[in-house]
Amino acid sequence: MTTHTSTNSTPVKAPRLEFAKAAPKAFRALIAFDAAAREGLDPALVELIQIRASHLNRCAYCLHMHTNDARKAGESEDRLHMVAVWREARHFFTEREQAALALTEAVTLVAGAGVPDDVYAEAAARFDERELAQVLALICTINTWNRVALSTAKPAGTDER
């Protein structure tokens, strides 16, 4: 097994499988789905959704990538630190962001209790139908990316985009 060096110069094991190389058609389809899901959404909201799902799925690779992307897009450190505990720090987030974070949690953890009616209704009240569909698609894509990264043991800090 080969090793890579993370951004802090610590050697890390190579992933189990290079998904993009082993299944290039599926990889390209996922990239296209991801791009379509983001279309028309506020980039800050996109990153918050991806960060929260990555927290819940314990995907260090995606969490590292999306917190860095959020910083590059101008997101504050305060808000990034509060995403995991957004319910206790609601004043850091708009009502739309809170609705999106709640929906992200419900969809990511869908096997537990489904998507509660009140969570869905709040999101539907904050987003028009097209936006809500985009948010749902984005939640689906980040959950897929998390599962690919976790299944292939992608080490955090090795994003090569």
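The C-beta contact set for region 62-88 (first residue in contact (Cβ under 8 Å) with a residue 60 or more places away in the chain, second residue outside any helix (DSSP H, G or I) and surrounded by 13 or more Cβ atoms within 10 Å (Cβ to Cβ), distance under 8 angstrom, 6+ apart or interchain) comprises Leu63/Ala156; His64/Ala156; His64/Gly157; His64/Asp159; Met65/Asp159; Asn68/Asp159. Of the residues Ala111, Ala89, Ala84, Ala100, the single one that is of a type in the set (A, V, I, L, M), more than 22 Å from Pro43 (Cβ to Cβ) and out of contact with any Asp or Glu (no Cβ under 7 Å at 6 or more places or on another chain) is Ala111.
Could you list, in sequence order, the residues of region 75-91 that are assigned to a helix (DSSP H, G or I), touching a helix residue (DSSP H, G or I) at 6+ places or on another chain (Cβ under 7 Å) and of a type outside the set (Lys, Arg)? Passing the criteria: Asp78, Leu80, Met82, Val83, Ala84, Trp86, Ala89. Between Arg71, Arg38, Arg79, the distinction of being of a type in the set (Lys, Arg), surrounded by 12 or more Cβ atoms within 10 Å (Cβ to Cβ) and under 13 Å from the mean Cα position of the chain (by Cα) belongs to Arg38 only.
Here is the figure for region 92-115: residues that are outside any helix (DSSP H, G or I) and open to solvent by 50 Å² or more (accessible area, probe 1.4 Å) total 3. Sub-9 Å Cβ pairs linking a first residue in region 111-127 that is under 17 Å from Ala137 (Cα atoms) to a second residue that is outside any helix (DSSP H, G or I) and open to solvent by 60 Å² or more (accessible area, probe 1.4 Å), at least 6 apart or interchain, are Arg126/Thr94, ordered by first then second residue.
Whenever a residue of region 145-161 is touching a residue at least 60 places away in the same chain (Cβ under 8 Å), its partners that are β-branched (Val, Ile, Thr) and part of a helix (DSSP H, G or I), lying with C-beta atoms within less than 8 angstrom and at least six residues away or across chains, give the pairs Lys154/Val148.
The values are calculated or read from the model by the stated rules, or taken from the named source; none is laboratory data. Every value quoted in this text rests on a predicted model; they were computed, and no experiment measured them. Cβ atoms come from the backbone with ideal geometry, glycine included; neighbour counts cover every protein chain shown. When the accessible area is computed, the model is the full protein with side chains, heavy atoms only, and any ligands, DNA or RNA have been set aside. Shrake-Rupley method; radii C 1.70, N 1.55, O 1.52, S 1.80 Å.
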